[in-house]
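Values quoted throughout were computed directly from the atomic coordinates according to the rules given, and no laboratory measurement underlies them. This structure is a prediction, so every number in the text was calculated from the model and none was measured. Glycine also receives a Cβ, built like all others from the backbone with ideal geometry; neighbour counts cover every protein chain displayed.
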Amino acid sequence: MTERKQIIVGVAGGIAAYKACTLVRQLSEAGHSVRVVPTESALKFVGAATFEALSGNPVRTTVFENVDEVLHVRIGQEADLVVVAPATADLIARAASGRADDLLTATLLTARCPVLFAPAMHTEMWHHPATVDNVATLRRRGAIVLEPAAGRLTGADSGSGRLPEAEEISTFAQLLLERPDALPYDMSGVKVLVSAGGTREPIDPVRFIGNRSSGKQGYAVARVAAQRGADVTLIAGNTVGLGDPAGVEVVHIGSADQLNDAVSKHAPESHVLVMAAAVADFRPTHVATSKIKKSHEPGHASDAPAIELTRTEDVLATAVRARTDGQLPNMKAIVGFAAETGDANGDVLFHARAKLARKGCDLLVVNAVGEGRAFEVDNNDGWLLSADGNEVALEHGSKTLMASRIVDAIGAFLRLG
Ligand code: CTP
């Protein structure tokens with residue numbers, strides 16, 4: 001059970017205000033005390049009763065209610081985290097200019113905890129120089145302003161400006177509670193290519209050889225790097241139904257060959273490659289063009305076909321070789337992942353050191369696996385090994401927390417390199 005924290009959810013007046021209901025519910029269910037502070041216009045979209053019921057706390061919008069409790073100062077002072085979702089262009093402008101004309105903006109001025117804005121507006125508003133300047137001002141002052149998602153907006157429009165899904169906002173909220181300095185805006189101008197999830201190697205049109213990778217760790221790296229300002233492309237294999245992270249270009253692939261093609265295509269323009277995907281080492285040599293049928297004749301119980309396997313390309317090793325051969329002049333950091341159990345020959349770190357040397361990458365993220373660890377779970381721990389011999393233990397925590405440590409290491413490597 002996580003420690004119970006005091007979270008303020010600010011809600012500005014946009015149609016995405018309805019998604020704030022799910023966010024409030026998720027944060028409450030995570031065990032936190034949530035208080036909703038909507039603007040007057042937010043209440044035109046969602047009623048105060050809904051927010052009161054979901055949070056279990058009273059809803060006020062102006063500084064003239066419950067004056068004796070000095071709410072406009074107390075709410076901000078006592079908060080461990082303020083999340084504004086949705087943050088409209090108007091709310092962002094008021095926050096950037098330090099206005100205090102309602103309870104939410106007064107709260108933003110008195111809060112000394114991390115403040116997370118999740119913008120939602122039409123693409124034109126998001127790209128308007130006024131909004132761009134206001135967002136830059138908030139970021140310069142240490143606030144976290146999420147990149148919005150791209151997709152369907154209100155009406156027939158689509159583009160950048162959608163509110164990230166409630167699940168994603170609450171993931172970042174939890175991250176900031178675990179580590180308040182996890183999302184500095186320090187990766188702008190860096191092009192990061194991440195692979196994540198498991199590959200599926202077809203046997204016939206309906207069957208494949210797959211693996212248990214959930215994709216969560218790679219998605220978390222893509223998500224955190226993008227929110228720290230990097231330009232991120234995610235090559236996504238099979239996952240446990242993860243949605244596309246906000247602000248990330250996602251390319252969906254199936255097999256190891258497709259993953260290799262996608263990485264080869266995007267690697268030349270990338271500065272960083274993070275190979276978190278669980279790539280099959282072998283694929284069926286021959287893929288049946290029609291479904292393989294079992295025999296229904298009596299006495300044919302042992303008609304099981306043998307599946308011949310062929311080695312797949314080692315995508316990570318290929319990228320390392322291409323860089324050595326001068327084909328990837330932009331590539332500054334190549335990060336591999338290793339899932340190890342340890343065996344009679346040596347422990348997890350012994351095998352990981354050997355893998356780092358064999359693969360030739362710059363950084364290796366190591367997870368100890370087996371007995372319910374690492375795969376299909378939300379928490380993780382491990383080590384980060386560098387080619388220069390540096391070894392850092394990654395503290396136990398969410399995969400998003402681990403992703404923030406991995407992005408830190410990439411940032412440090414880029415500054416050194
Ligand atoms: N990898 C890859 N291409 C493959 C297999 C793996 O790029 N065909 C990458 C993975 O994305 C990961 C790293 O290589 O970053 C380590 O993968 P792993 O399968 O553990 O390494 P192997 O060298 O295959 O070692 P093992 O003997 O443990 O199978």
Legend entry - Loop GluC sites (Glu not before Pro), region 42-80, which have at most 13 other Cβ atoms in a 10 Å radius of their Cβ (DSSP): Glu65
Legend entry - chymotrypsin sites (Phe, Trp or Tyr not before Pro) lying in DSSP loop within region 1-107, provided at most 15 other Cβ fall within 10 Å: Phe64
Legend entry - Cα-Cα pairs of region 219-265 separated by more than 13 Å (percent): 53 percent
Inset, instruction - State whether region 153-243 is rounded, prolate or oblate according to the following rule on the C-alpha gyration tensor (a ≥ b ≥ c being the square roots of its eigenvalues): a/c under 1.5 gives rounded; otherwise a/b larger than b/c gives prolate, and the remaining case gives oblate. - result: prolate
Legend entry - Residues Thr233, Thr324, sorted so that the one with the fewest Cβ neighbours within 10 Å comes first: Thr324, Thr233
Legend entry - Whole-Å semi-axes of region 1-53's equivalent ellipsoid (Cα gyration tensor): 21, 10, 9
Legend entry - Under the Karplus curve 6.51 cos²θ - 1.76 cosθ + 1.60, θ = phi - 60°, whole-Hz ³J(HN,Hα) for region 96-101, x wherever Gly or Pro sits: 5, 8, x, 5, 9, 8
Legend entry - Cα gyration tensor category, rounded, prolate or oblate, for region 301-417 with a/c compared to 1.5: oblate
Inset, instruction - Go from 0 up to the bin containing the longest alpha carbon distance in the chain, width 20 Å each, and give me the % of pairs per bin. - result: 25, 49, 23, 3, 0
Legend entry - Furthest towards positive pole of dipole, Ala306, Asn330, Ala344, structure part region 270-380, Cβ charges: Asn330
Legend entry - Given 10 as the ceiling on other Cβ atoms within 10 Å, longest exposed-site-free region of the chain for trypsin sites (Lys or Arg not before Pro) in DSSP loops: 113-290
Inset, instruction - Using just the alpha carbons, could you tell me how many Å³ per residue the convex hull of region 246-329 encloses? - result: 146 Å³
Legend entry - Charged-residue dipole, Cβ positions (Lys, Arg, Asp, Glu), region 295-369 about Cα centre, Debye nearest 20: 600 debye
Inset, instruction - Pull up all non-local amide H partners of Ala278: gap of 5 or more, or a different chain, and H-to-H distance under 5 Å with H placed in the peptide plane. - result: Gly197, Gly198, Thr199
Legend entry - Percent RCO, i.e. relative contact order, over the chain, from Cα pairs under 8 Å lying at least 6 residues apart: 11 percent
Inset, instruction - Along Cα→Cβ, 7 Å out, is where each label goes; now give me the distance between the ones at Thr22 and Glu3 in nm to one decimal. - result: 3.0 nm
Inset, instruction - Run the numbers on region 45-169 and let me know its relative contact order in percent, using alpha-carbon pairs under 8 Å that are six or more apart. - result: 22 percent
Inset, instruction - Take Glu29, Glu165, Glu147 and order them by how many other Cβ atoms sit within 10 Å, fewest up front. - result: Glu29, Glu165, Glu147
Legend entry - Cα shape, region 1-115, gyration tensor, a/c 1.5 rule: rounded
Legend entry - 5 angstrom amide H check on Gly10, placed H, neighbours 5+ away: Val37, Val83, Val84, Ala85
